[in-house]
Amino acid sequence: MYSKNEEEIFKILNSNTRGLDSKEAEKRLKDYGQNIILNKKKEVWILRFLKQFNNSVIYILLVAGVLTLFMGHISDTVVIGIVVLVNALIGYIQENKAESAISKIKQMLVVNATVIRNSQRLDIDAGDLVPGDIVYLEAGDNVPADIRILEANNLKIQESVLTGESDSVQKDKQTLIGTLTVADQTNMAFASTSITNGDMTGVVVATGDYTQIGKINKSINDVKQEKTPLIISINNLGKYISYAIVLVAVLLF
């Protein structure tokens, strides 16, 4: 939407500066869904912990631990057990941190928003925002959805959550041309960013999972867990060690 002028935007969104009426807003809420970010179902902690034991080297260590226990080598059993548990705990903690980072994305959307509906300024639940809503924001507010800026007064927005840039970005309503990255779209305000200076009025162009932050969340949730080259190498090493152990055991027998 950064490359569209005001007239084109309102035509695409079937909206205007007076805002949507209540019936149209309700209809769009049903069509687009609530302005929330959906997270995938959390995995039971015990299953996540048990997954840390799923590699060939750990299997070998577990078998070795059982054998040393039956042989009466308690000290060896204890050492092997500690190694296996520490490895599992490290993997479990790392996965928990990643899960926590993803869940925090959902908390970045604000609770309330000031909109213009039926030509009146109202405070509504940010989850009820829909494309076409006219939103007013000022310094200190968090941006509740992806918004095309229509009016801006000395506006600066902190976008580090999306771009990594620590400095606030100067924003205005000027139409842009060309293919631009999120960081270069200076006429857009994105969900989860915050207003650090000035105020603005804009029209909502995307909500929930269709926002930039929502797309990031969705791409993270959709990533299939694949074995890294390191894990593949470790598993191959485990197989070779297993073969070597069986061979040595046969020769000793």
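Each reported figure results from applying straightforward, stated rules to the coordinates on display, with no laboratory input. All of these numbers come straight from a predicted model, not from anything done at the bench. Here Cβ is always computed from backbone atoms with ideal geometry, including for glycine, and neighbour counts include all displayed protein chains.
Tabulated data
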{"item": "Using a Förster distance of 22 Å, the FRET efficiency for ASN236-PHE70 (Cβ separation, nearest 0.05)", "result": "0.15"}
{"item": "Volume per residue that the Cα convex hull of the chain spans, once the total is divided by residue count, Å³", "result": "163 Å³"}
{"item": "Where labels lie 7 Å past Cα in the beta-carbon direction, separation of THR163 and TYR136 in nm", "result": "2.7 nm"}
{"item": "Gyration tensor (alpha-carbon) shape descriptor, the stretch 1-40, a/c threshold 1.5", "result": "oblate"}
{"item": "Across LYS30/LYS171; LYS4/LYS27; LYS171/LYS215, pairs whose alpha-carbon gap is larger than 30 Å", "result": "LYS30/LYS171"}
{"item": "222 nm mean residue ellipticity, helices alone, for the chain (DSSP H n ≥ 4; -39,500 (n - 2.57); rounded to 500)", "result": "-14500 deg cm²/dmol"}
{"item": "Per-peptide average of other Cβ atoms within 10 Å, ordering 153-160, 141-148, 10-17 highest first", "result": "141-148, 153-160, 10-17"}
{"item": "FRET efficiency for LEU176 and ILE46, using Cβ-Cβ distance with R0 set to 35 Å, rounded to 0.05", "result": "0.10"}
{"item": "Full-extension gain in nm, VAL86 to THR17, via 0.36 nm per residue minus C-alpha separation", "result": "18.8 nm"}
{"item": "Hydrodynamic radius by Kirkwood, which averages 1/r over all alpha carbon pairs of the stretch 128-250, in angstrom", "result": "17.2 Å"}
